[in-house]
Each structure stands twice: as C-alpha cells, then as structure tokens.
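To keep things clear, I will list the structure first and then write my remarks on it.
The values are calculated or read from the model by the stated rules, or taken from the named source; none is laboratory data. What you see is a predicted model; the values in this text were computed from it and never measured. So basically every Cβ, Gly included, is an ideal-geometry build from the backbone, and we count neighbours across all protein chains shown. Accessible surface areas use protein heavy atoms only, side chains included; no ligands, DNA or RNA. Shrake-Rupley method; radii C 1.70, N 1.55, O 1.52, S 1.80 Å.
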Amino acid sequence: MASAMKFYDYKWMLQRALAQVPKSDKLEDKKFEWPKADVLIQGSKTIVRNFGDVASFLQRKPSHLVKFLSRELGSPGNRDGKRLFFSGRFNYNLVNTKLASYVKEFVICPSCGRHETVLMKQDRIDIMKCDACGALNPMRTIK
Ligand SMILES: [Zn+2]
C-alpha cells in the first residue's frame, strides 16, 4: 500500500513538472521584440526607412504588411527597395503602434502566444500555422 502511494506521488510530481514547461515558454515569449519602424517625415511624405528589415525580421511578405499599414493609415504605401513611402505625415509613435497591432494579429499565435508562425492559404482562407504548438487559426483577409 505504501509503495503504491509513493509511485502515485512520483507520477503526479512528474506530470506537474511537465505541465509547467509550456508556461515558462510563454513567459519568455512576452519579451518578443522586433525592430521598430525607423520613421522619417519629409515634407508631406512619411518614409519607413527600414521597412524591408522589419518585414523580413517578422518573416512576413512585405506586400501583406504594406496592405495592413496602408489600410490602417488610410494612405497607400509604395515600396522603393528597403523603404516604404506614404503620402501624408505619420509620426513614429503612430506607425509603430500600427506595426505592433500587426504583430499582435498576424505574427503572434492566438493559441500559445509565441511568434514562430507562418501565414498560408487554405481553401482561399488565410490561416496562421504555429510551428511552436501546431495550432491553425484563421486570419482575416486584409482588403
Ligand atoms: Zn502556437
């Protein structure tokens, strides 16, 4: 009786230890940081000078991120090499707030909170596939 009890305790402790692993992973992920948009306002134009670097850091198609920012800022963005131009004046904080919304919606996995995700199409629906937890979550299409 006593030895059976001991085995039960050990199993319980092991299960508890395993259950704690994903939790600590999630905690680490809250520190996920990406390069901030380097915003320059020039006359009536706004230039994101490191746009290409930001998109490749986030591992998203630049065209997808351009669509999102254009929609959010209400001004179509035009890429020129690594840079992205908007007509209109949008300050650093505004552009970076929009970028953070993008990361939250299209980069971070809604199921586990990690950022090792890819966007793909399945039956014409945009899906986020998470490499960390395997979740598939439908994404809205940016029009
Ligand atoms: Zn996940």
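Any residue in region 105-126 that is in contact with a Cys (Cβ under 6 Å, 6 or more places away or on another chain), open to solvent by less than 70 Å² (accessible area, probe 1.4 Å), within 11 Å of the ligand (Cβ to nearest atom) and of a type in the set (A, V, I, L, M, F, W, C)? Checking region 105-126: at least one residue is in contact with a Cys (Cβ under 6 Å, 6 or more places away or on another chain), open to solvent by less than 70 Å² (accessible area, probe 1.4 Å), within 11 Å of the ligand (Cβ to nearest atom) and of a type in the set (A, V, I, L, M, F, W, C).
Of the residues making up region 65-81, one or more are surrounded by 16 or more Cβ atoms within 10 Å (Cβ to Cβ), acidic (Asp, Glu) and more than 16 Å from the ligand (Cβ to nearest atom). Of the residues Lys143, Lys121, Lys104, the single one that is of a type in the set (Lys, Arg) and within 13 Å of the chain's Cα centre (by Cα) is Lys104.
Only residues that are surrounded by fewer than 17 Cβ atoms within 10 Å (Cβ to Cβ) and either touching a helix residue (DSSP H, G or I) at 6+ places or on another chain (Cβ under 8 Å) or part of a helix (DSSP H, G or I) (or both): list them for region 82-95, please. Passing the criteria: Lys82, Arg83, Gly88, Tyr92, Asn93, Leu94.
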